[in-house]
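The structure under discussion appears below in the form of structure tokens.
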Amino acid sequence: MPVITLPDGSRRAFAEPVSVAAVAQSIGAGLAKAALAGKLDDRLVDTSFVIENDARLSIVTEKDDDGLEILRHSAAHLLAHAVKQLFPNAQVTIGPTIENGFYYDFSLERPFTPEDLAAIEERMAALAKKNIPVVRESWKRDEATAYFESMGEHYKAELIAAIPEGQEISLYRQGDFVDLCRGPHVPATGRLKVFKLMKVAGAYWRGDHNNEQLQRIYGTAWAKKEEQDAYIHQIEEAEKRDHRRLGRHLDLFHLQENAPGMVFWHPKGWAVWQQIEQYLRRVYQDNGYLEVRTPNILDRALWEKTGHWQNYKDNMFTTESEKRDYAVKPMNCPGHVLIFKAGLRSYRDLPLRYGEFGSCHRNEPSGALHGIMRVRGFTQDDGHIFCTEDQIQSEVTAFNTLVGRVYADFGFTDVRVKLALRPEKRIGSDEVWNKAEAALRESLKASGLAWDELPGEGAFYGPKIEFHVRDAIGRSWQCGTMQVDFSMPQRLGAEYIGEDNARHTPVMLHRAILGSLERFIGILIENWSGALPLWLAPVQAVVMNISEKQSGYAENVAESLRKAGFRAEADLRNEKISFKIREHSLNKLPYQVVVGDREMAQSWVAVRARGGQDLGQMSFEDLVARLREEVETRKGTA
């Protein structure tokens, strides 16, 4: 007689084994109708699963994160079902869920077309409308292998044949379609009401480029249509804001095959870079960091000591000289330890904070490269704090506060914090891990921050805090990190003399605020849709003459703005003023300064702000005061 404990602590006893669906029905008809699955002692199961022993159970509906995941996984199966009906020769391979949706990979002798996608989506809707029951079946491995081979599904047969003999094979049947899956799935296809196919892309079988290239159909699925509409709107907005397109249009940077994964910065893009670097340099100076510079190429022996040569070599660019092996640094940490070791350190020197705009290189796969968001050559706003264990909490608390101020200056006020905790494979004692995790938690409390915990997602050497900023269209980007490291200083022999006159190993705090500057600039471009706030804009104001007669005055105004510390240009082309205004508006310039006969006679200027706002005539001094106030307060609207 199983006794079921529900989330509210109440218990229900049943005279015989009972299904999840029956438990839901006993609670209420509404819950039974909404049930997608059950969470049985933290394990997701189908509503048809029969409970034989005492257990904890919660009913999963579309309101739960697990429920949305099940909807998407079931939509992937619905996609494969539709493809098999429309294209019987297609072979199905793997179809998992991904963030905001799902995909399924297919082998087919011809490419899918946009018309095919429309037909597949229409067939998916028809299959969903039939409300076909989705039933789990348990097969023996050899029987399942033979079944899929007989169906011509050689990829599925290969997957099943790799499963150890004697292990249960879980298959799901919906009408005439059967697929390999551990589940769970929705009770019937009718539960899938909101989905859309998005695009087709190439993908290699099992991710190996030596294997056949398959066709991957991406889709999205949601519990409610308004949620899907909002997501699709976000996708459309993201396409408009794509930093690669805006980077070309605004003449900021380009990438080309002569240096794959490396950025060619144009003058305007480099102006943005310089504003960010100089801003961060002031942050370093104001918060007790000492700026350093370390070599780009370091001997193999160092990377062996840190463990990178053994575990990360495939991601490193290597070279050889005079029979010595070297690696181009993928990170700055070891170099900072060597600077720490270069002198005798005392506990009185701690905490010691180093900062570097370190140039790093990682041999990322070409398929992973994405504009300036994912590159092979990048610069980090990298910092390392050497401290005692007792100083971890105070240093991290100060950093948490600093991160919030910096993000706000760049226009990011919605910041989510996550705490990644000890993984299963780790070094160091539980006592040390307990102390490190407690220090990070206490620092977050002291900073007044809420956070989510990520069990098992810390680095092997210590826990870390992650800072995720949310942009103007709701996307989340991980930028800053604070990591506690007990390993690298010890591996590289870093020591300080303690108050007891004995030698001790310092704790190393790895911290970054923006992360990769390249990536952060890409995030900024997309967040602001290219219309960067005045303090970051590569050109802050353009001065335009209406006719040749005002050319000298326009140039003088532009030069005066430059002397006042602003990035200003003069547009003296023999073009209509309406043409110039439109062109500079499309280039998203913050301010357009127009001078005609009247302005020249009065030694004034006519000013237009970005967005077409006509500010009318004003004195040069008033214009400078307005620009200066906007720069100093870092105003901007995404």
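Once the other residues with Cβ under 12 Å from the Cβ of GLU320 are scored (Lys, Arg +1; Asp, Glu -1), what is the net sum?
For residues surrounding GLU320, the net value is 0.
Among (1) 16, 34, 20, 16, 11, 3, 0; (2) 17, 45, 28, 9, 2, 0; (3) 15, 38, 35, 11, 1, only one was calculated for this model; which label is it, if the read-out is P(r) over Cα pairs in 20 Å bins from 0, in percent?
From the options (1) 16, 34, 20, 16, 11, 3, 0; (2) 17, 45, 28, 9, 2, 0; (3) 15, 38, 35, 11, 1, the structure gives (3).
If you stretched the chain out fully between ARG405 and LEU615, how much longer would it get, using 0.36 nm times the residue separation minus the C-alpha to C-alpha distance?
72.5 nm
Hand me the GluC sites (Glu not before Pro) from region 45-85 located in a DSSP loop with no more than 15 other Cβ atoms within 10 Å, in residue order please.
GLU52
Can you compute the FRET efficiency between LEU344 and LYS323 using 1/(1 + (r/R0)^6), with r the Cβ-Cβ distance and R0 = 30 Å? Round to the nearest 0.05.
The value I calculate is 0.35.
Taking R0 as 51 Å, what FRET efficiency do you get between ALA126 and HIS249 from their Cβ-Cβ distance, rounded to the nearest 0.05?
With a Förster radius of 51 Å, E is 0.75.
Could you tally the net charge around GLU69, taking each other residue with its Cβ under 15 Å from the Cβ of GLU69, Lys/Arg +1 and Asp/Glu -1?
-2
Could you calculate, for region 307-387, the ratio of the Cα radius of gyration to the Kirkwood radius, expressed as Rg to Rh?
That ratio is 1.06, to two decimals.
Just the Kirkwood number for region 2-95, please: inverse of mean 1/r across all distinct Cα pairs, in Å, one decimal.
14.6 Å
Taking the C-alpha atoms of region 201-351, how large are the radius of gyration and the largest Cα-Cα span, Dmax, in Å?
So, for region 201-351, Rg and Dmax equal 22.9, 65 Å respectively.
Which stretch or stretches of region 165-209 have amide N atoms under 19 Å from the point lying 7 Å from MET151's Cα along the Cα→Cβ direction?
Within reach of a label on MET151, which here means backbone N under 19 Å from a point 7 Å along Cα→Cβ, region 165-209 contributes 168-190, 206.
Roughly what angle does helix 65-86 make with the longest principal axis of the chain, taking Cα atoms, 0 to 90 degrees, to the nearest 10?
70 degrees
Can you give the FRET efficiency for ASN211 and SER10, using 1/(1 + (r/R0)^6), R0 = 51 Å, r = Cβ-Cβ distance, to the nearest 0.05?
0.45
Using only Cα atoms, tell me the angle between helix 551-563 and the longest principal axis of the chain; keep it within 0 to 90° and round to the nearest 10.
Tilt relative to the chain: about 70 degrees.
Quick one: if you take sqrt(5λ) for each eigenvalue of the C-alpha gyration tensor of region 75-204, what semi-axes come out, biggest first, whole angstrom?
Equivalent-ellipsoid dimensions as semi-axes: 24, 18, 13 Å.
For ARG416 and ASP65, calculate 0.36 nm times their separation in residues minus their Cα-Cα distance, and state this gained length in nm to one decimal.
Full-extension gain reported as 124.6 nm.
Please report how far the C-alpha centroid of region 193-265 lies from that of region 504-543, rounded to the nearest whole angstrom.
Cα centroid to Cα centroid, the span is 23 Å.
How long is the gain from ILE163 to ILE297 if the chain were fully straight, where each residue apart is worth 0.36 nm and the alpha carbon distance is subtracted?
Gain on stretching ILE163 to ILE297: 43.8 nm.
Return one quarter of the surface area of the convex hull spanned by the alpha-carbon atoms of region 509-607, equal to its mean projected area, in nm².
7.8 nm²
Determine the alpha carbon to alpha carbon distance for each of LYS329/LYS418; LYS130/LYS199; LYS305/LYS435; LYS196/LYS225; LYS39/LYS140; LYS549/LYS576 and list only those over 19 Å.
In this structure, LYS329/LYS418; LYS130/LYS199; LYS305/LYS435; LYS39/LYS140 lie more than 19 Å apart at Cα.
In region 429-547, if every C-alpha pair distance is counted and binned at 5 Å from zero, what percent goes to each bin?
2, 8, 13, 16, 14, 12, 10, 8, 6, 4, 3, 2, 1, 1, 0, 0
Could the peptides 307-317, 480-490 be put in order, highest first, of the mean number of other beta-carbon atoms found within 10 Å of their residues?
Going by the mean number of other Cβ atoms within 10 Å, highest first, we get 480-490, 307-317.
Roughly how many whole Å is it from the C-alpha centroid of region 457-478 to that of region 38-77?
About 28 Å separates the Cα centre of region 457-478 from the one of region 38-77.
Against the longest principal axis of the chain, how steep is helix 114-129, in degrees 0 to 90 to the nearest 10, with axes from Cα atoms?
Between helix and principal axis, roughly 50 degrees.
Every number in this text was worked out from the coordinates using simple rules, so none of it is lab data. Just so we're clear, the structure is a prediction, and the values are computed from it rather than from any experiment. Note: ideal-geometry Cβ built from the backbone for every residue, glycine included; neighbour counts use all protein chains shown.
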